[in-house]
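Single-structure report; data block below.
The values are calculated or read from the model by the stated rules, or taken from the named source; none is laboratory data. What you see is a predicted model; the values in this text were computed from it and never measured. Note: ideal-geometry Cβ built from the backbone for every residue, glycine included; neighbour counts use all protein chains shown.
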Amino acid sequence: MSFAFTADRKKRFNALLKQYPDKRSAALPALHLAQDQEGYLTTETIETLAQMLDITPASLMDTISFHTLFHTKPRGKYLLQVCQTLSCSLAGADEIVDHLSHKYQVKAGETTPDGKYTLLKVECLGACDTAPVVQINDDYYEKVSKDKLNRILDKLP
Amino acid sequence: MPLLKLDDHELEVPKGTKILDAALKVGIEIPHYCYHPALSIAGSCRMCLVEVEGMPKLQTACSTPVRELPPEKKIDGRYDMVVHTTTGKVTAARKLVLEFLLLNHPLDCPVCDQAGECLLQDYSFKYGEAHSRFVEDKRVQPGEELGSGVVINLNRCILCTRCVRFNREITGTGELFVENRGYHNKIAVFDGKPLDNPLAGNVADICPVGALLLKDYIHSTRVWHLSHTPSVCTECSAGCSITVDAANDRIYRIVSRENEQANGHFICDTGRYAFHTYAEGVLTEPLMRAKRGWKALSWDLAYRTVADQIDRHGGKGAVRALASPTFPNESSFLLGQLMQRLSDKRNVALIPVKREADQTFPAGFKISGDKGGNRRGAEDMIGKLAAGFKSFFKDEEGVLLVMDADGRAEVTADLKGLFESSSFKVVLASNESNITAMADLVLPVAGPFEREGTVTNDQGLVQWLQLALERKGQARPAWLVLAELDRLLTGEASLYTCAGDVTWKINRAISAYSQATRFKLGLKGQLLTGTG
Amino acid sequence: MSDYQPILTMHAGQPGSATRDYYLANGGYRAARRAVLDMNSDDIIQMVKYSNLQGRGGAGFPAGVKWSFVPRDDKRAKYLICNADEGEPGTFKDRMLINHNPHQLIEGMIIASRAIDCHLAFIYIRGEFAKEARLLEAAVEECRASNILGKKIFGGKYDLDILVYRGGGAYICGEEMALIESLEGKRGWPRIKPPFPAIEGYLRCPTIVNNVETLSNLPHIVNNGAEWFRGIGASPDSPGPKLYCLSGHVRKPGVYEAPMGTKLTTLIFTHAGGTTEGKKLKAAIPGGSSAPVLTADEIEDLKMDFPSLTAAGSMLGSGGIIVMDETTDMVQACYNLARFYAHESCGQCTPCREGTTWLTKVLRRFTQGRGRMEDIDLIGDITDNIGGLCDFSKGSFGKTICPFGEAVSWPIRAFMDKFRDEFEAYLPKEEAA
């Protein structure tokens, strides 16, 4: 399973290398670009990216494993990230987690057997005024209730 | 220069000197883990916190530079900085850092190889608390193999990152990294990219706790059983200072010995593990080639055989010799003396030894490609030869006297020719080798860790090679064998009682070595007169 | 509500407020044009210094003073980084500013860049804000297309480009040195200071890191003058408009703009409409989760500005106010924060790496009814040992490289000290006796 950027992304990656004053600084943008394309970062992807950035795979893995948004294992098509920090917790985030856990029969951190949903408890998403908040992939869903969340989830393709 | 007051000491240090370095200079112990003199400053273990007057927070001694104050602002009218390392605040801080470090530590000293030389153990004893307030479940992670014979016990790791910095800054190979974040941080290697560099073993030396260990050494002994002999590695011409750790006449490990003029703080894995090769094929008695295999004989008979063969094959004038660039100067010196007395012809050269390209690492550490570890010394003793021995050794009969190169001799066509043309070949060696295989008579001499004497590295640093093991069987020191041959063949009545006596002779005979006396060498060695 | 006219958020909610054309039609980029064409570095630094604009990210360090640390006549490139790594629990103002008025931020960045002679600036936005990052990228693109960014901007001689950089999900990257490391593509482990970033930051070059809100104030200072700015709020020493984030048990959570020094009770009861269902107020965290919690009594008459909150034993921090009514379980709330900090500790320094998780484990045991009397003192000890004693009169006594140690210790300590009875109530019967 080798990795290569699609033509369009390759162009964007090359643009990144030109924009940043040093290659390594393009690491996070490049990782976002690769993960966006592949879903998660495989060993091969990391090796290829490291080579493109002129650093060792170990060095890149160091960065990847520090940041929570990068995934090195397969995850569901939909990443259900429920904020559990104080304001969301005060607004009932625990019930949202329980609800999703029951709905999909998974514990936090697990993926449904059909590979469709991964449930994650995450820390502060920075939208405390609209608590509780669930981020599904890149999108925020705010002031969610069980019903509202059901409607959102049912509409997902 | 700023004047620093460090507890009761007053010292002038260059501006910017770190407090910890200043403390080390005057012998004040400030406990530390992440600090290592050869690596960049991490400042993360927080063990070296000290009190600096005028600063509300405790400061890490490893990272805080000594400042210079304008004359009107000097503390007590004279000091630029006043530092306390023993106040209540400081000792309390040490105690708490140790408490944190030990929370998840398995406290398995009884089965830990580091016990006895563990900074966690030492500092806990000196500065820590006897009991723990931690009643929660500990973090438990399985051990892992990192590659190059290094294993990690993650439960003992304190994440000082010395190993990570070593691989980034010294070797430039960067195999090790910190994985994950926070409480889940761990030292790791990337999938399929194990620790793989010629200096890898050093990570175990610099690990301040029992986390990084060498498979070669693990569970083999306890450090308090080991005798530590300061010596020199002769595997290449870099001449690293080492400590040979042995017990019951067996070497358990070799570790680096700090020497700014030689290797700095590290050694290569070739030198680290070389001792194993010398445990194989050890020669314990003089051996004469027989119709089938070898026949043992006494030293007396062996010496007489040499004399007989010389008489039989062209006499003293036909004797030729090869000195060894891996033996100490004393052997080469005596061989040179002997050969001068035998004839005034140019009759001694160096045995050829493997040469590869030098390997130089980003931080400057060098593994010399010249595997003749004492080439410079040997050349100094017998005189430098311009173009090998082909130019002055003709294909003639005669006795050939050869000192082996500890298995690293290169059997070139020239060397083969020399052996073939010679009538009788005497080889001084400690172990069976490609050279002893071509010998008619083998004289067993002390092995690399059984030798004493001086060696000169490629920078002209002369160091004392100290014997760490007893000689095996009837093996004798090479310098003694040569002195005895000299007496037998030329009647030279030298009265050397030890290698040091020969060193004394060298000091007088060769002007560049006049200062390289046994006493001046000490533990760090002495540069040749006119070098450095 | 008072007759205060919002400045930073005056266009919030207007259709199209995030576009360049809307911004230009409402007087946008006048200040940047002036800064680039008619002012020099000294003019801008002096003006901002005099305005007493304090950093809005949490520490409240005067922006103009920070800029003045950048060495002059230094051949190295200089960098400006906008810190949009908003992650302090209870804080969501930067996201709002970006969503409603990205060009105000870009304009502020042009002014700050000009002040420190920077030609390449970055917006480090937290990775979760993917939508906001796209919005900013679009705004930057609009600017590049109209000579507001790029070569010889505004037809002058000054070049400036801005890159939008999405983080990877790490609270600690809001700390400026961790942010710089992350921007360099490394793990976000804070560097030891000194050297401060103004001397040695991104790629070892002089670097200034300013918060989104701080930078968004700049166009208004340049347009209206420093004197005008000093007049906003209760004290010219800590002046200006401030965005307060209200969340938790309030009727109308949200971002409210009010002058520096507005009373906390006004914000809770007037702006945010009081507590949910009118329940009794128990406590509030005034400046993001790192600010020590204040009880209802302590909140009376408390002015929300940097000096007043320090005097009250807490801090203005990011201006994130988390309101807790009488139904709040303070032990659970305390555990929630401890867990947050344990998750976000970067793990570089021993006390923080080990201590935050220890705290969390002890507190979890508490919430499960398995606490011990001695744990109450133990929690206090652990917090002291990570972040130092919570004693503002003596300065900070943190034992870690970065202020995270204090940020976790102080709030936990405050919960313990102020709501000790609730912790004791959690003890099993045999322990409580």
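Inside segment C:70-87, can you point out the residues that are of a type in the set (G, A, S) and over 15 Å from C:G55 (Cβ atoms)?
Result: C:A77, C:G87.
A quick yes/no check of all residues on (1) small (G, A, S); (2) within 11 Å of another protein chain (Cβ to nearest Cβ):
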site	(1), (2)
C:D301	no, no
C:G319	yes, no
C:E344	no, yes
C:T356	no, yes
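Would you mind finding the one in B:A238, B:A247 that is in contact with a His (Cβ under 7 Å, 6 or more places away or on another chain) and at pLDDT 95 or above?
So the residue among B:A238, B:A247 that is in contact with a His (Cβ under 7 Å, 6 or more places away or on another chain) and at pLDDT 95 or above is B:A247.
Which is in contact with a strand residue (DSSP E or B) (Cβ under 7 Å, 6 or more places away or on another chain), surrounded by 21 or more Cβ atoms within 10 Å (Cβ to Cβ), more than 14 Å from chain A (Cβ to nearest Cβ) and under 28 Å from B:C268 (Cα atoms), of B:V150, B:V164?
Selected residue: B:V150, the only one of B:V150, B:V164 that is in contact with a strand residue (DSSP E or B) (Cβ under 7 Å, 6 or more places away or on another chain), surrounded by 21 or more Cβ atoms within 10 Å (Cβ to Cβ), more than 14 Å from chain A (Cβ to nearest Cβ) and under 28 Å from B:C268 (Cα atoms).
Consider C:G398 against the criteria (1) in a loop (DSSP other than H, G, I, E, B); (2) over 25 Å from B:R139 (Cα atoms); (3) more than 12 Å from chain B (Cβ to nearest Cβ): it satisfies all of them except one. Which criterion is unmet?
Tallying (1) in a loop (DSSP other than H, G, I, E, B); (2) over 25 Å from B:R139 (Cα atoms); (3) more than 12 Å from chain B (Cβ to nearest Cβ), C:G398 fails exactly one: (3).
Being closer than 14 Å to A:D62 by Cα, out of contact with any Phe, Trp or Tyr (no Cβ under 6 Å at 6 or more places or on another chain) and modelled with pLDDT of 95 or more narrows it down to one residue among B:N197, B:N185; which is it?
After ruling out the rest, the residue left standing is B:N185.
Report, by residue number, each residue of segment B:66-88 that is surrounded by 13 or more Cβ atoms within 10 Å (Cβ to Cβ) and not in a loop (DSSP other than H, G, I, E, B).
Hits for segment B:66-88 are B:I75, B:Y79, B:M81, B:V82, B:V83, B:H84.
Can you find even one residue in segment C:230-248 that is within 14 Å of chain A (Cβ to nearest Cβ), of a type in the set (S, T, Y) and free of Cβ contacts under 8 Å to residues at least 60 places away in the same chain?
no
Sort out which residues of segment B:154-185 are among the basic types (K, R) and more than 25 Å from B:A363 (Cα to Cα), and write them in order of number.
Result: B:R156, B:R181.
Any residue that is among the charged types (D, E, K, R), touching a residue at least 24 places away in the same chain (Cβ under 8 Å) and within 20 Å of B:R94 (Cα to Cα) - is there at least one of those in segment C:399-415?
Within segment C:399-415 (the criterion being among the charged types (D, E, K, R), touching a residue at least 24 places away in the same chain (Cβ under 8 Å) and within 20 Å of B:R94 (Cα to Cα)), the answer is yes, since at least one residue qualifies.
Could you list, in sequence order, the residues of segment B:477-503 that are touching a helix residue (DSSP H, G or I) at 6+ places or on another chain (Cβ under 7 Å) and either of a type in the set (F, W, Y) or closer than 14 Å to B:P328 by Cα (or both)?
B:P477, B:A478, B:W479, B:L482, B:Y496, B:A499, B:G500, B:V502, B:T503
Of all residues in segment B:236-286, which are of a type in the set (G, A, S) and in a loop (DSSP other than H, G, I, E, B)?
B:S237, B:A238, B:G239, B:A262, B:G281
Which members of segment C:72-96 meet the condition of being more than 11 Å from chain A (Cβ to nearest Cβ) and surrounded by 24 or more Cβ atoms within 10 Å (Cβ to Cβ)?
Of everything in segment C:72-96, those that are more than 11 Å from chain A (Cβ to nearest Cβ) and surrounded by 24 or more Cβ atoms within 10 Å (Cβ to Cβ) turn out to be C:L80, C:I81, C:C82, C:N83.
Can you confirm whether segment B:45-65 contains a residue that is crowded, with 22+ Cβ neighbours inside 10 Å and on the phi > 0 side of the Ramachandran plot?
Yes: one or more hits.
Any idea how many residues of segment A:1-35 are away from chain C (no Cβ under 14 Å) and in a helix (DSSP H, G or I)?
Here the count works out to 6.
When C:S314 is evaluated against the numbered criteria (1) within 15 Å of the chain's Cα centre (by Cα); (2) modelled with pLDDT of 95 or more; (3) over 20 Å from C:E213 (Cα atoms), which criterion, by number, is the only one it fails?
(2)
For segment A:36-60, how many residues are part of a helix (DSSP H, G or I) and either acidic (D, E) or in contact with a Gly (Cβ under 6 Å, 6 or more places away or on another chain) (or both)?
Residues that pass the stated criteria total 6.
Would you list the strands (runs of 3 or more DSSP E) that sit entirely within segment B:421-474 and hold 2 or more residues that are at negative phi, assigned by TED's automatic domain parsing to the domain that holds B:M403 and over 15 Å from the mean Cα position of the chain (by Cα)?
Those strands (runs of 3 or more DSSP E) span B:424-429, B:441-444.
Could you tell me whether B:R289 is out of contact with any Asp or Glu (no Cβ under 7 Å at 6 or more places or on another chain) and in contact (Cβ under 8 Å) with a residue 24 or more places away in the chain?
It is false that B:R289 is out of contact with any Asp or Glu (no Cβ under 7 Å at 6 or more places or on another chain) and in contact (Cβ under 8 Å) with a residue 24 or more places away in the chain.
How about segment A:66-157: which helices (runs of 4 or more DSSP H) wholly inside it have at least 1 residues that are facing chain C (nearest Cβ under 10 Å)?
A:86-90, A:93-104
Of all residues in segment B:90-109, which are aliphatic (A, V, I, L, M) and either outside any helix (DSSP H, G or I) or buried (at least 18 other Cβ atoms within 10 Å of the Cβ) (or both)?
The answer is B:V90, B:A93, B:L96, B:V97, B:L98, B:L101, B:L102, B:L103, B:L107.
Which one of these is at negative phi, surrounded by fewer than 24 Cβ atoms within 10 Å (Cβ to Cβ) and not assigned by TED's automatic domain parsing to the domain that holds B:A446: B:R250, B:R272, B:R304, B:R312?
Result of the check over B:R250, B:R272, B:R304, B:R312: B:R250.
Within segment C:272-286, does at least one residue satisfy the condition of being within 17 Å of C:E88 (Cβ to Cβ) and either within 13 Å of chain A (Cβ to nearest Cβ) or surrounded by fewer than 20 Cβ atoms within 10 Å (Cβ to Cβ) (or both)?
yes
Which count do you get for residues in segment B:239-262 that are farther than 26 Å from B:E145 by Cα and touching a Gly at 6+ places or on another chain (Cβ under 8 Å)?
Residues flagged as farther than 26 Å from B:E145 by Cα and touching a Gly at 6+ places or on another chain (Cβ under 8 Å) within segment B:239-262 amount to 7.
Looking only at segment B:252-300, count every residue that is over 20 Å from B:L212 (Cα atoms) and of a type outside the set (F, W, Y) and tell me the total.
29
Any residue in segment B:375-395 that is part of a strand (DSSP E or B), within 27 Å of B:W299 (Cα to Cα) and of a type in the set (G, A, S)?
No, segment B:375-395 contains no residue that is part of a strand (DSSP E or B), within 27 Å of B:W299 (Cα to Cα) and of a type in the set (G, A, S).
For segment C:20-49, give me the residue count where each residue is surrounded by fewer than 17 Cβ atoms within 10 Å (Cβ to Cβ) and either farther than 14 Å from C:I111 by Cβ or in the same structural domain as C:T310 (by TED's automatic domain parsing) (or both).
Residues in segment C:20-49 being surrounded by fewer than 17 Cβ atoms within 10 Å (Cβ to Cβ) and either farther than 14 Å from C:I111 by Cβ or in the same structural domain as C:T310 (by TED's automatic domain parsing) (or both): 6 in total.
So, C:G169, is that one within 14 Å of chain A (Cβ to nearest Cβ) and surrounded by 24 or more Cβ atoms within 10 Å (Cβ to Cβ) or not?
For C:G169, the condition - within 14 Å of chain A (Cβ to nearest Cβ) and surrounded by 24 or more Cβ atoms within 10 Å (Cβ to Cβ) - is not met.
Quick check on B:L49: is it touching a Leu at 6+ places or on another chain (Cβ under 7 Å), within 12 Å of another protein chain (Cβ to nearest Cβ) and farther than 18 Å from B:S124 by Cα?
So B:L49 does not fit the description; no.
Just a yes or no: is a residue in segment C:203-212 within 19 Å of C:I44 (Cβ to Cβ), more than 20 Å from the chain's Cα centre (by Cα) and in contact (Cβ under 8 Å) with a residue 40 or more places away in the chain?
For segment C:203-212, residues within 19 Å of C:I44 (Cβ to Cβ), more than 20 Å from the chain's Cα centre (by Cα) and in contact (Cβ under 8 Å) with a residue 40 or more places away in the chain: present.
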